[in-house]
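What follows is a short report on a single structure.
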Amino acid sequence: MNNRLGKIIISRPHQSEPVISDSQTIHETGSGHGKGNNSGTFLSEDAEPFFDVVTIDEAVRIVRSIAKQTGTETIIIDDAEGRVLAESIITNEDIPGFDRSWKDGYAVIAQDTYAATENVPVILSLHGSVAMGKSDKGQISQGECMYIPTGGQMPDGADAVVMIEYAEHAGDKVLIRQPVVLRENVIAKDEDFSSGTIIFPAGSTLRPQDIGVLAAIGKTRISVRKFPRIAIISTGVELVPSEAIPRIGEVREVNSHLISVFLRRQGATPVRYGIIRDNLEELVRTIKTASQECDAVIVSGGSSKDRNDITFRAIASLGKVFVHGISIAPGKPTIIGQCEDVPVIGLPGHPVSTFMVMTLVAVHLIQAMKGSPCQHIYKKTIKMATDLKSEGGREQYIRVKIENDEGTPVLGKSGLLNTLLYSDGIIHLPSGKEGLVKGEEVEVRLW
């Protein structure tokens, strides 16, 4: 195999040129930061790509900085759950638009009720009832009241509502047995939203309850970001399709299925490009094609510490490599780069490592492409069921099983899928923390 596919650089987005080594093998000099693909060190056939390890936070910053936002489309709100707004939503009217009762009862003048008690009620004259959905709201004067249902429009002159439980209807009179204060049990005409309010800024991810708000303000068609198309390329000479019966030494291809479902959950469209069997030239061609057809590319496998790191070589030959290693276990040999301004992420081959990096890093790329400043992360505070010792010197993300609000570490090798099956989420141990003790509270990020 000929690995001489061009010059290799390790750079960071929007930073100065790196110091270039004269050697044919890659050496990390200075900060190792750079920009562009016109200068760099040459990767010889025998060169071993080095790790340019960064923190999770730095990896997230980089993927967000290289993300290109997708285009927009207009859809009806019934199809908008989970979509990201491409426009800010501003209401041009007050909501609900009129003063209304939020209890069944009697619309009154609050001052008329101040002397009311259970034993000595205030007696008011009943002046009819409020009809729902009618523009004629009626009017009351001092000493009068009107029956009003929940949601009914407040009659002119009324400024409070006595709940029906504290009133007694007696012919054309109503006995009020509890006083009310000004505006009690009344929703003001602009209490929900006032005209000119920015209800949803651009970049908001819509939830089912948000759809109800959009309907309430009459916004039934909205502009949203298109789903980003994400290419998935699996690599590995040992891989066979998931429906095949593997021979000894072969394994079923898992990651494209895992990544596809993950992408759909995050509002992206997966596009699979099949299995590349550790052939550098074929991988280069496939990444190039995928980068022309999709908004981002994810390569599963082919990322390692040695000269078999063909994903690193392929990405570097086509564009730029910004990250070659993240300080996380599992998932350290992760690559972040660009091919013709299209983000490319190289993931380790083990499914557990893949899922961890997708959860902690790749999800931010997807959200940034949709114009969303953040993602909805479901978290819960639990107590540790056992002690947990840190490896020290680096941040760790530990899988945990939650039972009765207590977390038990699910430890295992990165190649074991059962650690994902039997875990409910991950906890974060910062690099300076020695560990956790039984009973200590910790925040878990749920899968």
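Observations
- Test: residue in the range 386-408 that is of a type in the set (A, V, I, L, M), at negative phi, assigned to a loop (DSSP other than H, G, I, E, B) and not assigned by TED's automatic domain parsing to the domain that holds Phe262: no
Listed here are the residues, each with its yes/no results for (1) at negative phi; (2) at pLDDT below 95; (3) touching a strand residue (DSSP E or B) at 6+ places or on another chain (Cβ under 7 Å); (4) part of a loop (DSSP other than H, G, I, E, B).
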{"site": "Ala158", "(1), (2), (3), (4)": "yes, no, yes, yes"}
{"site": "Glu165", "(1), (2), (3), (4)": "yes, no, no, no"}
{"site": "Leu175", "(1), (2), (3), (4)": "yes, no, yes, no"}
{"site": "Glu184", "(1), (2), (3), (4)": "yes, no, yes, yes"}
{"site": "Lys189", "(1), (2), (3), (4)": "yes, no, no, yes"}
{"site": "Gly196", "(1), (2), (3), (4)": "no, no, yes, yes"}
{"site": "Gly203", "(1), (2), (3), (4)": "no, yes, yes, yes"}
{"site": "Ala215", "(1), (2), (3), (4)": "yes, no, no, no"}
{"site": "Ile222", "(1), (2), (3), (4)": "yes, no, yes, no"}
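- In the condition set (1) outside the structural domain of Ala115 (by TED's automatic domain parsing); (2) over 20 Å from Ile95 (Cβ atoms); (3) loosely packed, with under 14 Cβ neighbours inside 10 Å, Glu250 is compliant with all but (3).
- Any chance Gly105 is outside the structural domain of Asp210 (by TED's automatic domain parsing) and more than 25 Å from Gly337 (Cβ to Cβ): yes
- Flag for Val437 being hydrophobic (A, V, I, L, M, F, W, C) and outside the structural domain of Val237 (by TED's automatic domain parsing): yes
- Qualifying residue in the range 307-323 (condition: in the same structural domain as Glu238 (by TED's automatic domain parsing), charged (D, E, K, R) and closer than 30 Å to Val224 by Cα): no
- Checked against the criterion of being surrounded by 22 or more Cβ atoms within 10 Å (Cβ to Cβ), farther than 30 Å from Gly82 by Cβ and modelled with pLDDT of 90 or more, the candidates Ala290, Ala296, Ala314, Ala268 yield just one match: Ala314.
- Check on Pro333, assigned to a loop (DSSP other than H, G, I, E, B) and buried (at least 24 other Cβ atoms within 10 Å of the Cβ): yes
Rundown of residues vs (1) in contact with a Lys or Arg (Cβ under 6 Å, 6 or more places away or on another chain); (2) among the aliphatic types (A, V, I, L, M); (3) touching a residue at least 40 places away in the same chain (Cβ under 8 Å), yes/no style:
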| residue | (1), (2), (3) |
| --- | --- |
| Lys320 | no, no, yes |
| Gly325 | yes, no, yes |
| Ile328 | no, yes, yes |
| Pro343 | no, no, yes |
| Leu347 | no, yes, yes |
| Leu365 | no, yes, yes |
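- Pairs with Cβ under 8 Å, 6+ apart, first in the range 54-65 and in contact (Cβ under 8 Å) with a residue 12 or more places away in the chain, second assigned to a helix (DSSP H, G or I) and of a type in the set (Val, Ile, Thr): Val54/Ile62; Ile56/Val361; Ala59/Val361; Val60/Val361; Val63/Val361
- Each residue in the range 192-208 was checked for being surrounded by 15 or more Cβ atoms within 10 Å (Cβ to Cβ) and not acidic (Asp, Glu), and 9 pass.
- Residue list for the range 111-126, filter: touching an Asp or Glu at 6+ places or on another chain (Cβ under 9 Å) and under 10 Å from Gly143 (Cα atoms): Gln111, Asp112, Val122, Leu124, Ser125, Leu126
- None of Lys226, Lys189 is of a type in the set (D, E, K, R), in contact with a Phe, Trp or Tyr (Cβ under 8 Å, 6 or more places away or on another chain) and either surrounded by fewer than 13 Cβ atoms within 10 Å (Cβ to Cβ) or in contact (Cβ under 8 Å) with a residue 60 or more places away in the chain (or both) except Lys189.
The values are calculated or read from the model by the stated rules, or taken from the named source; none is laboratory data. On a predicted model such as this, the values are computed, not experimentally measured, just so you know. A quick note on method: Cβ atoms are made from the backbone with ideal geometry, for glycine too, and the neighbour counts reach across all protein chains shown.
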